[in-house]
């Protein structure tokens, strides 16, 4: 049976962007991120992280560094009674031309092979143009987080200030 999922960007969506984060101790959740995740989980959504991590392709961190960061992220979430169903990441440099780097849809395609995703009932939440373009190209409802007014509107279905507002809109939107 197909399930609805929320695909989440990592940096400046779930956690504060620390520019090529290498130290797991540097993880800091964005405001109201945990509250939003709890609402989504309680409503029956699966949660999947989809993230570009070109720091690996640029030689700024290793796959082991990223594994440690994501292990700590999972641990911090577990302490709040939360879990991600999966984490997908693109390790490539932007010039590599891979099919997994957002806005390409390779990570979403892999998630759909691994999970029974109900695309019509699923959503992409992110802060960047690449997040919104990827979600739109895949037929997902898109929500753009604008943590401040300096970021342009990338044509998402909804603009939210944080994950809790995004969750509220998604859970209460007219169908």
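The values are calculated or read from the model by the stated rules, or taken from the named source; none is laboratory data. The structure presented is a predicted model; accordingly, all values stated were derived computationally and were not measured. Virtual Cβ from ideal backbone geometry, glycine too; neighbours counted across all protein chains shown.
State all residues of segment 29-55 that are in contact with a helix residue (DSSP H, G or I) (Cβ under 7 Å, 6 or more places away or on another chain) and at pLDDT below 95; if no residue qualifies, say none.
If the condition is that a residue be in contact with a helix residue (DSSP H, G or I) (Cβ under 7 Å, 6 or more places away or on another chain) and at pLDDT below 95, then 54 is the only one that fits.
Could you check how many residues of segment 139-155 are at pLDDT 95 or above and either touching a helix residue (DSSP H, G or I) at 6+ places or on another chain (Cβ under 6 Å) or assigned to a helix (DSSP H, G or I) (or both)?
Residues that pass the stated criteria total 4.
Six or more apart or on different chains, Cβ atoms under 7 Å: show the pairs whose first residue is in segment 140-151 and free of Cβ contacts under 8 Å to residues at least 60 places away in the same chain and at positive phi and whose second is assigned to a loop (DSSP other than H, G, I, E, B) and surrounded by fewer than 17 Cβ atoms within 10 Å (Cβ to Cβ).
Listed pairs, sorted by first residue: none to list.
Looking only at segment 45-76, count how many residues are part of a loop (DSSP other than H, G, I, E, B) and under 29 Å from residue 173 (Cα atoms).
1
Please count how many residues of segment 11-23 are in contact with a helix residue (DSSP H, G or I) (Cβ under 8 Å, 6 or more places away or on another chain) and at pLDDT 95 or above.
Number of matching residues: 3.
For segment 94-125, which positions are more than 21 Å from residue 59 (Cβ to Cβ) and assigned to a loop (DSSP other than H, G, I, E, B)?
Scanning segment 94-125 gives 99, 103, 104, 105, 115, 116, 118, 122.
How many of the residues making up segment 77-93 are part of a helix (DSSP H, G or I) and either within 16 Å of the chain's Cα centre (by Cα) or at positive phi (or both)?
Summing the residues that are part of a helix (DSSP H, G or I) and either within 16 Å of the chain's Cα centre (by Cα) or at positive phi (or both) in segment 77-93 gives 1.
Restricting the search to segment 25-44, which residues are part of a loop (DSSP other than H, G, I, E, B), without any contact (Cβ under 8 Å) to a residue 60 or more places away in the chain and within 25 Å of residue 112 (Cβ to Cβ)? Talk me through it step by step, then tell me what you get.
Initially, segment 25-44 is screened for residues part of a loop (DSSP other than H, G, I, E, B), giving 27-28, 30-32, 43-44.
Right, trim to without any contact (Cβ under 8 Å) to a residue 60 or more places away in the chain and you get 27-28, 44.
Hit for segment 25-44 is 44, nothing else.
Please verify whether segment 96-103 includes one or more residues that are surrounded by fewer than 17 Cβ atoms within 10 Å (Cβ to Cβ), touching a strand residue (DSSP E or B) at 6+ places or on another chain (Cβ under 8 Å), closer than 19 Å to residue 14 by Cα and at pLDDT 95 or above.
no
For every residue, the table says whether it meets (1) closer than 26 Å to residue 161 by Cβ; (2) surrounded by 15 or more Cβ atoms within 10 Å (Cβ to Cβ).
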site: 8; (1), (2): yes, yes
site: 12; (1), (2): yes, yes
site: 19; (1), (2): yes, no
site: 24; (1), (2): no, yes
site: 27; (1), (2): yes, yes
site: 30; (1), (2): yes, yes
site: 63; (1), (2): no, no
site: 69; (1), (2): yes, yes
site: 80; (1), (2): yes, no
